[in-house]
Amino acid sequence: NAGVTQTPKFQVLKTGQSMTLQCAQDMNHNSMYWYRQDPGMGLRLIYYSASEGTTDKGEVPNGYNVSRLNKREFSLRLESAAPSQTSVYFCASRLSVSGELFFGEGSRLTVL
Amino acid sequence: DAKTTQPTSMDCAEGRAANLPCNHSTISGNEYVYWYRQIHSQGPQYIIHGLKNNETNEMASLIITEDRKSSTLILPHATLRDTAVYYCIVRATTDSWGKLQFGAGTQVVVTP
């Protein structure tokens, strides 16, 4: 049972390049989330998907897009990366009736 | 969402109990207190949650004051592997966990 799997774990981009962070969960959870974590800032929500087929903005959605491909997968896309998007990105999932969030191991993105 | 206040950091000796305080004076009647922790370079990990009764599981105990305005997470016998940032969050279980802020948490350092 892998839980929440994120790929890639590390990525270096140049300003203006695009990329997609992939997230998959095998726990049959309905809700999935993308957070970013910057030093001293805790975790901030970028986008979330309460259920398959729905997505909503979080606290810091600008510069990102998401796709809930199916119940298992929730991807985060940076269309034109900026240095301000250098961060650690975490994907999480949650059962619709439980408050417990399960997190992936993180994707460390550097934009030069 | 009710806001929480935690100390920035605290130290604990290995083998001793670690008592982590959290203030949540504006907590609503339907909001639970959740605790997560994040070990360096890993994704956050769920610890425990409770409404008004004290709770205990294999990781920790949660003590909530009678007026619910504050709580304490207790790690009964701290080990070096408990060194992490600990986050206190208040949420209603009916919330979607969208627009969630983890805050800066408490950096706990367990020393030999």
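Tabulated data
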read-out	value
Reduced Cα scattering model of region B:50-90, Debye log10 I(q)/I(0), q = 0.19, 0.23, 0.27, 0.30 Å⁻¹	-0.61, -0.83, -1.03, -1.15
Square roots of 5 times each gyration tensor eigenvalue, C-alpha, the protein assembly as shown, largest first, Å	30, 20, 15
Taking the convex hull of Cα positions in region B:1-85, its mean projected area over all directions (nm²)	5.7 nm²
Straight-distance crosslink candidates among lysines, where the alpha carbon sits under 24 Å from residue A:71 and sequence neighbours closer than 8 are dropped	A:9, A:57, B:99
Inter-label distance, nm, simple model (7 Å from Cα along the C-beta direction), residue B:19/residue A:2	4.4 nm
Calculated from backbone phi, Karplus (6.51, -1.76, 1.60) coupling profile of region A:15-26 in Hz, x at Gly/Pro	3, x, 6, 10, 6, 10, 8, 9, 9, 9, 10, 10
Calculated SAXS-style log₁₀ I(q)/I(0) at q = 0.15, 0.19, 0.24 Å⁻¹ - chain A, Debye, Cα scatterers	-0.57, -0.92, -1.43
Two-site label geometry, residue B:40 and residue A:80: point separation in nm, points 7 Å out along Cα→Cβ	3.8 nm
Candidate aspartates and glutamates for bridging to residue B:69, where Cα separation is under 12 Å - those fewer than 8 sequence places away on the same chain excluded	B:31
Around residue B:84: net Lys/Arg minus Asp/Glu count, Cβ-Cβ under 15 Å	-2
Label-point separation in nm, residue B:30 to residue B:79, each point 7 Å along Cα→Cβ	4.0 nm
Added length on full extension, which subtracts the Cα-Cα distance from 0.36 nm per residue, residue A:15 to residue A:41	7.1 nm
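The numbers here are math on the coordinates, done by the rules we state, and not lab data. These numbers come from a predicted model, not from an experiment. Backbone-built Cβ (ideal geometry, glycine too); neighbour counts: all protein chains shown.
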